[in-house]
Amino acid sequence: MTSAPFDPIEIDYGTHVGGIDFALSKGAVLSGTVAFPEAESREDVYVNAKYTVENGGVAIRGTGFSSSGAFHLSGLPLSASATVQLEGPGWTSDEAGPFSLASGNVTGVHLTAMRIRTATVSGRVVFGNSLPRPGETVWLSSLDGGYTRTTESGADGAFEFTLVPHGKYSASVTGSAGSTVAFDVGAGRDLKDIVIDLGGGPGTISGHVRDWKGNPVHKAQVYAPGLGAPDSEAATDASGRYALPGLADGTHTVHVQATGFGSQQRLDVSANTTGLDFELKPVGHVEGSVVDAHSGAPVGEFDVWSAYGVGEQQIESAMQEAGSGHQVNAEGVFRLLDLPPEEQAILARAHGYFTGYTIAQVPPGDSATGLVIRLEPAPIIQAQVTTAAGAPVSGAKIFINECPFTFDNPGFNKDRPLTDNSGSTPLDGLLPGENQVYVYHPEQGRGVFTVDTNRDHGTVALRLDPPARLEGVITVDGEAPPYARLRLQYPDAGHASDFRTFKTKVQSDGSYRLDGLMAGEATLHIDTGGGRQDRTVHIAAGATNTLNIDIATGTGQIELVTLLPAHLVDAQVTGTAVVDSQDGRVTLNTQADEQGLLRFESLPAGALSIHVAATLPGGTLVARTLERDITSGQRIDETVDLTAGVPVAGTVRGLDPGENAYVMLFSGAIDPALLANEGFGQLHMQMTHHQCLPASGAYRFDAVEPGIHTLVAAAEGFQSLALRTIDVGTTGTQADLLLE
């Protein structure tokens, strides 16, 4: 029996969640025993079932076996026939079958293990001009369908696999496109001198790294990102010297970073360059004070932070950031440590003032002192919260320019006073221009308002519509579902998800109720465990809105075999299928099994999009999207190849030290407006690659399909953003970005 995995279930601390049910669908089962002639090592030995899918490809399902030799393969497609064979180092068996799986249960399959003569496969991993490449993960994969094994190359680039049965194999290295070597292994005949060439070329860039006084910098990290080849990297020796070998002809970007110093990089450096020297400057500090721009009096409580770049747009973007470095002192003084030795914008924000800044030249290894940030008093704006009938609302919570119920900024929304008996409270902490103001009252409802400091003065009226209710019954094919959850989401919910999103669980009789709703159009997401459907609803203010929905399940099926590159073999493979049917949009999510197989069932007829993604911990993602039409009762069997494509590499410049940043690739051109938090979810199906950026900003994507793509770099929740449309050629593309 098998089941599709549920979407994540939210469980509040200290609560009990019941009613978690599993809807099981039964595939074919194939079972039997393996007889071994002797008690020897059976490590990495598996029973593999092979069957043909509709597109002509061959799928493999493997399993281990118990100490008694019993094995059990479940979830096989009923429409297939399968053969079974034992495979692994030093062991094989005759192929049994083929067995028809139409009956759903094949038992009594017997395999007799046979010892086979094995061989040792060894070789070296090199790059550039035959330079050894130590520490690389080498994969040995059977091309006949079977096990894979891994080892690590030694200091001289050497690797070795023992107990390799005869057959066809390939050897490759994690993360290096085009490095695969195919070969045959004969029974009992060792195979030596396999060379896995990771590319690169004969070029070398060399030079010295010194500090601003001319002293050598020991153990500085120097590297040049490769394009379709591994990075060339080195650490400086005691004299500060480095050499980056294995570089292909053309130009490269060279990065240098060292503890206690600002990082540097050089663009467009030709291969075989000598004397490329760097002079690193130590990080510096700034000190100063925050004062009232009119009276000169110190501001006693404020946030202060630095921003990379001093251009008008860069400063404007930095002024919208949440800020950091909360300071409380009567003198209004501050000190920021470990800043890059370059020109910086130093910003400050306080209650009752607009955000202000000053420009500082950070001295290497020293402090810039005497900085003064003068804050202009913000206009005094009073909010008066009333009901739609004009009655004052006391005890309402006010939130400005951030998601309610999260308090990332101490001293701002967290301690803002509630409205008084007249419904009034001051709106301090506004930014120049438009501000989003959120109002919440547990009985009188909630609302979202825009306050513009260029337009609004004195008292602004914030009127709350009476809260509404949405209720009804959810059924699936006329029956109450064993599990269902609802999420009602208003537009722009990404910016204030807790405020604009309402959730509930459907009761056992299918009934549901959502209270405290705002008036307006919203999307109701219906999650029945096996998938999700969306409905657009209009909520009338102060009314009980009724919506009954019967979800008619379809009969379409999809089965996808996922092919992964070596560096993604440990990735979690997930799939999202979206069908635009006559009854609305249907979304199904699933996770691949151990063989990389994705299944979707009960799909209605309509236009179908399938997004398959392989994700590693830390944020690395590779994905593909398939566009198909599916009819009632149709079955689709395909192979999704995440290994094919070309490399895209480059550098994202403008990163602040310690800044969390990432780079993404989307298929086709995208609307930049959707990159804001509230629209980002609409781009999910177009994302093909994602990677968290190191401090150097260097990135590389492998397996990119040629064509038009949009490259996006973002930092600190899209506060800093860079976007570029690129045309990926048949050999790859180099593309840099600048965060502003």
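Before moving on, here are some points about what is shown:
- Any hit, the range 153-173, residues being surrounded by fewer than 14 Cβ atoms within 10 Å (Cβ to Cβ), acidic (Asp, Glu) and closer than 25 Å to Gly62 by Cα: no
- Any hit, the range 537-560, residues being part of a strand (DSSP E or B) and free of Cβ contacts under 8 Å to residues at least 60 places away in the same chain: yes
- Any chance Arg446 is of a type outside the set (Ser, Thr, Tyr), touching a His at 6+ places or on another chain (Cβ under 6 Å), surrounded by 18 or more Cβ atoms within 10 Å (Cβ to Cβ) and at pLDDT 85 or above: no
- Top-ranked residue in the range 242-271 [being over 22 Å from Ala735 (Cα atoms) and exposed (fewer than 15 other Cβ atoms within 10 Å of the Cβ); ranked as farthest from the chain's Cα centre (by Cα)]: Ala243
- Members of the range 267-310 that are in the same structural domain as His208 (by TED's automatic domain parsing) and on the phi > 0 side of the Ramachandran plot: Asp268, Asn272, Gly275
- Each residue in the range 315-374 was checked for being assigned to a strand (DSSP E or B), at pLDDT 80 or above and closer than 22 Å to Ile400 by Cβ, and 7 pass.
- In the range 103-126, the qualifying residues are those that are aliphatic (A, V, I, L, M) and under 40 Å from the mean Cα position of the chain (by Cα), and the one that is modelled with the lowest pLDDT is Val126.
- Checked against (1) modelled with pLDDT of 80 or more; (2) exposed (fewer than 14 other Cβ atoms within 10 Å of the Cβ); (3) part of a loop (DSSP other than H, G, I, E, B), Gly658 passes all but a single condition, namely (1).
- Strands (runs of 3 or more DSSP E) contained in the range 219-284 and holding at least 1 residues touching an Asp or Glu at 6+ places or on another chain (Cβ under 9 Å) and small (Gly, Ala, Ser): 221-224, 264-270
Yes or no, residue by residue, for (1) touching a helix residue (DSSP H, G or I) at 6+ places or on another chain (Cβ under 9 Å); (2) without any contact (Cβ under 8 Å) to a residue 40 or more places away in the chain:
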{"residue": "Asp580", "(1), (2)": "no, yes"}
{"residue": "Gln595", "(1), (2)": "no, no"}
{"residue": "Thr625", "(1), (2)": "yes, no"}
{"residue": "Arg628", "(1), (2)": "no, yes"}
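- Taken together, the residues in the range 533-554 that are in contact with a Lys or Arg (Cβ under 9 Å, 6 or more places away or on another chain) and within 30 Å of Thr615 (Cα to Cα) amount to 3.
The values are calculated or read from the model by the stated rules, or taken from the named source; none is laboratory data. In this text, all values refer to a predicted model and were calculated from it rather than measured experimentally. Note that we place each Cβ from the backbone using ideal geometry, even for glycine, and neighbour counts take in every protein chain shown.
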